[in-house]
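A quick write-up on the structure given underneath.
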Amino acid sequence: MKRVALTGNEAVSLAMKQINPDVVAAYPITPQTEIVQMFSQYVADGQVDTEFITVESEHSAMSASIGASASGARAMTATSANGLALMWEVMYIAASSRLPIIMPVVNRALSAPINIHCDHSDAMGARDSGWIQLFSENSQEAYDNVIQAIRIAESANVLLPVMVNLDGFIISHAVENIDVLDDEKVQDFIGSYTADYSLLDKDNPITFGPLALQDYYFEAKRQQVEAMKYAHKAIPEVAREYEKLTGRGYGYFTPYRMEDAEVVIIGLGSTMGTAQVAVDELRKEGNKVGLLKLRVFRPFPKEELARMLAGIPVVGVMDRADTFSGNGGPLFADLNTVLYGGEERPELYNFIYGLGGRDINVSNLMEIYRYLLNARDGQTLNRVNYFGVRE
């Protein structure tokens, strides 16, 4: 293992190089473009054996990945924002066909108005497409998540595609020191992949994506639910093996100073690193605050979250996307559902923030914690708050 200074995009591209997939289908979009651009250089330099396919759109990139994976290949692609939205139709096909495609998504706001900066509206728009979704706080986690994603996706009872999310520009273009594995160790960890079924096996012909009307469609969807249940088991199993290899532990989420916390914030992505500093500052003042950084959004770790949050008086839920339902953001909605009816249910407050890349800093997060401390002390406050917006 060695320490190197890399941007998030460089870290993801390096992980892809070490995985050495059979096929990468690529189309550029800011702020993801560098991932496939740098990977194409690995291809040109002969450092990987990958068939690199340049396509005419993100829809085609996912379609080519589906064709490659259905033929038994390890397939990867990458995208952002409107590119992910253009894949919409075929993302569902990838998941329902049980194809273990890996796709880094550099999170970016969806148009309109046109915006190239970070929020989570792209990934949250695809949250119910049947893909496993991992989120990264920094470049190190982005690198580690991509490598673990291979093992998770290809687990025998899972066979689902995995989306690895990293915040646009904040992670993708910022340089950090990260620890990277030797190529050989990555190859040993992921192992070889042989698909049980292949479109190219002429002696055992099969079909992918056939017509299934009232007679079988429902059963196919139900099988995807079981696959997600197996993914829920596979994610920590893969993480334990990865920790033995690297010393870096991963779970569904990472608690920070939660041991006696009375007010907790939960959220996704790079903001959770900033929130740790806010927690430390407020702890110096004697405030019992904590943080829960969620790594796995799909499958949603409902039992584990319910246990972790039981008995905590007040929880603030940070969403970098809105559902436009009038009832808050996607993480807030899911967490409300999970905790509904619980005997030790915390009071939940939603903070929708950072849309279109609007900055959030330590003092902002301390302000949110102080707002939640007021709720703990009995003040009546808004359940859904739009933090940092000019009302």
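Things to note:
- Among the residues making up the stretch 337-383, those that are at pLDDT 95 or above and among the charged types (D, E, K, R) are Glu347, Arg358, Asp359, Glu367, Arg370, Arg376, Asp377, Arg383.
- The combined condition, being out of contact with any helix residue (DSSP H, G or I) (no Cβ under 6 Å at 6 or more places or on another chain), surrounded by fewer than 20 Cβ atoms within 10 Å (Cβ to Cβ) and either of a type in the set (A, V, I, L, M) or assigned to a helix (DSSP H, G or I) (or both), is fulfilled by Glu304.
- Any hit, the stretch 323-334, residues being within 14 Å of Thr271 (Cα to Cα), hydrophobic (A, V, I, L, M, F, W, C) and out of contact with any Pro (no Cβ under 7 Å at 6 or more places or on another chain): no
- Taking each residue of the stretch 113-134 that is closer than 12 Å to Ser80 by Cα and touching a residue at least 24 places away in the same chain (Cβ under 8 Å) and looking for partners that are part of a loop (DSSP other than H, G, I, E, B) and of a type in the set (Phe, Trp, Tyr) with beta-carbon atoms closer than 7 Å, six or more apart or interchain, yields His117/Phe169; Cys118/Phe169.
- For Leu309, the requirement of being under 23 Å from the mean Cα position of the chain (by Cα), within 29 Å of Asn115 (Cα to Cα) and at pLDDT 95 or above is not met.
- Counting only strands (runs of 3 or more DSSP E) that sit wholly inside the stretch 1-102, those with at least 2 residues that are touching a helix residue (DSSP H, G or I) at 6+ places or on another chain (Cβ under 6 Å), under 27 Å from Asn138 (Cα atoms) and of a type in the set (A, V, I, L, M, F, W, C) are 23-26.
- Taking residues in the stretch 33-45 that are among the polar types (S, T, N, Q), and partners anywhere that are crowded, with 16+ Cβ neighbours inside 10 Å and not in a loop (DSSP other than H, G, I, E, B), the pairs with Cβ atoms closer than 8 Å and at least 6 places apart or on different chains are Ser40/Ala26; Ser40/Phe52.
- Criterion applied to Ala278, Ala231, Ala220 was being touching a residue at least 40 places away in the same chain (Cβ under 8 Å), touching a Phe, Trp or Tyr at 6+ places or on another chain (Cβ under 7 Å) and among the small types (Gly, Ala, Ser), and the one residue passing it is Ala278.
- When the criteria are applied in full, Ala333 fails the requirement of being in contact with a His (Cβ under 7 Å, 6 or more places away or on another chain) and either under 23 Å from Ala123 (Cα atoms) or not in a helix (DSSP H, G or I) (or both).
- Just one of (1) free of Cβ contacts under 8 Å to residues at least 60 places away in the same chain; (2) touching a Gly at 6+ places or on another chain (Cβ under 8 Å) fails for Ser80. It is (1).
- Scope the stretch 77-98; condition out of contact with any Pro (no Cβ under 6 Å at 6 or more places or on another chain), of a type outside the set (S, T, N, Q) and within 27 Å of Ile190 (Cα to Cα); matching residues: Leu84, Met87, Val90, Met91, Tyr92, Ile93, Arg98
- Of the numbered criteria (1) part of a helix (DSSP H, G or I); (2) among the aliphatic types (A, V, I, L, M); (3) in contact with a strand residue (DSSP E or B) (Cβ under 6 Å, 6 or more places away or on another chain), the one Leu245 fails is (3).
- Residues within the stretch 321-355 that are among the β-branched types (Val, Ile, Thr), over 17 Å from Phe387 (Cβ atoms) and surrounded by 16 or more Cβ atoms within 10 Å (Cβ to Cβ), tallied: 1
- Checklist (1) of a type outside the set (S, T, N, Q); (2) more than 20 Å from Ile132 (Cα to Cα); (3) crowded, with 19+ Cβ neighbours inside 10 Å applied to Asp201, failing item: (3)
- Qualifying residue in the stretch 119-129 (condition: part of a strand (DSSP E or B) and either at pLDDT 95 or above or out of contact with any helix residue (DSSP H, G or I) (no Cβ under 7 Å at 6 or more places or on another chain) (or both)): no
- Taking the criterion of being part of a loop (DSSP other than H, G, I, E, B) and in contact (Cβ under 8 Å) with a residue 60 or more places away in the chain, the residues of the stretch 103-112 that qualify are Arg108, Ala109.
The values are calculated or read from the model by the stated rules, or taken from the named source; none is laboratory data. The structure presented is a predicted model; accordingly, all values stated were derived computationally and were not measured. Methodologically, a virtual Cβ is constructed for each residue, glycine included, from the backbone with ideal geometry; neighbour enumeration extends over all protein chains shown.
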